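Taken together, the values in this text are just the output of simple stated rules run on the coordinates, not laboratory data. Computed from a prediction, not measured in an experiment: that's the story for all the values here. Neighbour counts are summed over all protein chains in view; Cβ atoms, including those assigned to glycine, are modelled from backbone coordinates with ideal geometry.
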């Protein structure tokens, strides 16, 4: 019989863990040294302010794209502005366009009533 006892499961796990840790450290890449920052305090402060402004603009753009009611309001306002510009610069074109829309709607109503009466 042997006087030595078998190592416990915890001791075997600890030994395996230490061996794995040593192997990882041995195969790890060399640490890369970061270049020293040569900017002044004011330059760093200005860069931070610029980055904050850029981030704020980016977040505003994302919020604008995802806010559907705001998108609809923006597009309606844009169409209204175009109509006002058209009214001021070329009123005859605006009147002709409105007459065309009325003619299309009238034709649609006429054809709808006609089709309903035939049935």
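Of 81, 116, which residue is surrounded by 10 or more Cβ atoms within 10 Å (Cβ to Cβ) and assigned to a helix (DSSP H, G or I)?
Numbers: 116 fails: surrounded by 10 or more Cβ atoms within 10 Å (Cβ to Cβ).
Of 81, 116, the one residue that is surrounded by 10 or more Cβ atoms within 10 Å (Cβ to Cβ) and assigned to a helix (DSSP H, G or I) is 81.
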Looking at segment 64-80, I want the residues that are touching a residue at least 24 places away in the same chain (Cβ under 8 Å) and at negative phi and have a partner that is part of a helix (DSSP H, G or I) and exposed (fewer than 10 other Cβ atoms within 10 Å of the Cβ) with Cβ atoms under 6 Å, at least 6 apart or on another chain. Which pairs are those? none
